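The values are calculated or read from the model by the stated rules, or taken from the named source; none is laboratory data. Fair warning: this is a prediction, and the values are worked out from it, not measured in the lab. Every residue, glycine among them, receives a Cβ derived from its backbone with ideal geometry; neighbour counts consider all protein chains shown.
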Amino acid sequence: MLKKISLFIGMAISANAVAKGGVSPYLPLNQAPELEHQVQRLLAVSKNTHIMSKPYKAHDIYRVLQTVRHTYPELYQTLSYQLSPYIQSDAGSFAKVTLAAGTKDKTLPNQRGQTTKTNLIVEGGAYANFGRYFGVSVAGIANEDEILPTQSFFYLGNKYAQLDVGYREHWYSPFNDSAMLLSTHAKTTPSITLSNVEPITSFNIRYDMFISKMTEQSGILNEEEQNATERTYGKGKPYLYGLHISFAATDNLTIGLSRLMQFGGGPRSVTLKDFAEGFFTPGEKDNVGGKDANEIGGNYELGDQIGSITFVYNNSIYALPYEFYGEVALEDTLGGGDRNNSYSFGLYLPFIANNHSLRFEHSNWQDKWYGNRIYLDGNRNSGNVIGHWAGDEHDYTDYTPAKSMSVNWHWQLSKIESLNTTIRMLENKRDGYKTSYELQTAYTRKLSKPIMGAKSWGAELYQGKDVYGETFARLGVFANF
């Protein structure tokens, strides 16, 4: 199946090989907070340029940056300097080292399955372009337990069709602290991805589609017996297909559509025809009831599907810019009854007195979100939910409805100092859980002169009380090179 789809993608990029324009390296994702903060500011104040799929392509962000050269000169200068390693040469790199100590073994939000017990983290990356149409990226995280590839792949193509093959991350959401469908909360999977560097037409159409293979799951449904109550399960590695498309409806409003399909693996064989039917008619190939299963068998059902509709709107009130965004996520089809949906909204104020940024995000999801009867592990990779970080904050098989909230405040203390603070709240709606609260804050200071190659250093604190009423804490120091 993977070979067939990769052949299709390869044919698509070959057909467009004569188009002008080149490929682009990617900016770090949840690894360079100061750079990412300035990029978020840029996207919030620029017109017709919302980008809902991450990681961001460096050349795409640089193109957007030119639109605010005169309206936000300070932002332009700061971000131009930060982007220069990815734009002005054919090679670039970044590195960060963190030493930390923590209590309790709690998963860190959006950090590829790492926990409060992870003590040493060395992360970094480098890329090299070989001409305009080919490049290589090597990036990852090494800790005392394992090596986690993040952006390690080769890429080729042109500005309308860039093909990435390897460990390339995906984040499908306009939200910053969480993503209901796909985020960096779980480990990165090997994938084949096709996307565009430059938006298409005046509607600024952007697309991103990929197929990857997840880690092994032990509970993949084999077949259902006649009475539809006795089931057998086997081991295997499911496939994960993702598709994201966005377009600018107006200068201030962007609409996005995303889709994830988890299918196959172990005892479940899937043909290209099955995949096509599941993609175009999800209501017929998923959520097959017990009566239908008796007649056609459990393997008729393709797998599990979730999708979302998102929007981002930006404007200003009395010279105060703001960004308002939302998401309706659903499994298979939108509706009530046995359907399980998710609703989220966010508000971002990128410039408050020039030195402050404030972001508020809220999500609410129904029963069995991330759960599925075909895959007992649900939408997980290496034991971690592939979407919202709160999906790990409950008993493993209890997919309780819940709601979460996060508030992020970025304070630029001076030209060389910053404080980035996030407060989170999570309430699982079933009995047996308590409301959790957590605080995550990081202080960063640039050095006037590099010390042993380090350009800045800082300290971070992560503490709170989880959904079981147990306290946790983690204190770390880091250096950026």
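Quick notes
- Among the residues of the range 77-91, some residue qualifies, meaning at least one is crowded, with 20+ Cβ neighbours inside 10 Å and of a type in the set (A, V, I, L, M).
- Residue check for Ser382: farther than 21 Å from Asn340 by Cβ and touching a residue at least 60 places away in the same chain (Cβ under 8 Å): yes
- If you filter the range 82-106 down to residues that are part of a strand (DSSP E or B) and without any contact (Cβ under 8 Å) to a residue 40 or more places away in the chain, you find that the one that is farthest from Glu123 (Cα to Cα) is Ala91.
- Within the range 434-459, the set of residues being among the small types (Gly, Ala, Ser) and either in contact with a His (Cβ under 8 Å, 6 or more places away or on another chain) or under 22 Å from Val407 (Cα atoms) (or both) comprises Ser436, Ala442, Gly458, Ala459.
- Considered as a group, the residues in the range 317-339 that are of a type outside the set (A, V, I, L, M, F, W, C) and buried (at least 20 other Cβ atoms within 10 Å of the Cβ) include one that is modelled with the lowest pLDDT, and that residue is Glu331.
- Hits in the range 116-125 - residues which are outside any loop (DSSP other than H, G, I, E, B) and crowded, with 17+ Cβ neighbours inside 10 Å: Ile121, Glu123, Gly124, Gly125
- Test result for Leu439, loosely packed, with under 15 Cβ neighbours inside 10 Å, at pLDDT 95 or above and closer than 20 Å to Gln463 by Cα: yes
- Ala454 vs. criteria of a type outside the set (S, T, N, Q), touching a residue at least 40 places away in the same chain (Cβ under 8 Å) and surrounded by fewer than 22 Cβ atoms within 10 Å (Cβ to Cβ): no
- Any strands (runs of 3 or more DSSP E) falling wholly within the range 163-262 and containing at least 3 residues that are at pLDDT 95 or above: 190-195, 206-213, 239-248
- Scan of the range 409-419 for residues that are surrounded by fewer than 21 Cβ atoms within 10 Å (Cβ to Cβ) and of a type outside the set (D, E, K, R), ordered by number: Trp409, Trp411, Gln412, Leu413, Ser414, Ile416, Leu419
- Test: residue in the range 312-329 that is within 28 Å of Ser436 (Cβ to Cβ) and either in a loop (DSSP other than H, G, I, E, B) or in contact with a Lys or Arg (Cβ under 8 Å, 6 or more places away or on another chain) (or both): no
- Filtered residues of the range 128-176 (kept if closer than 18 Å to Ala32 by Cβ, buried (at least 21 other Cβ atoms within 10 Å of the Cβ) and over 17 Å from the mean Cα position of the chain (by Cα)): Ser137
- Number of positions in the range 19-33 that are outside any strand (DSSP E or B) and crowded, with 19+ Cβ neighbours inside 10 Å: 8
- Restricting attention to the range 266-301 and to residues that are of a type in the set (A, V, I, L, M, F, W, C) and under 24 Å from the mean Cα position of the chain (by Cα), the residue that is modelled with the lowest pLDDT turns out to be Phe279.
- Some residue of the range 365-378 being more than 30 Å from Glu146 (Cα to Cα), surrounded by fewer than 22 Cβ atoms within 10 Å (Cβ to Cβ), at pLDDT 95 or above and in contact with a helix residue (DSSP H, G or I) (Cβ under 9 Å, 6 or more places away or on another chain): no
- Verdict on Lys449 being assigned to a strand (DSSP E or B) and within 26 Å of Ser93 (Cβ to Cβ): yes
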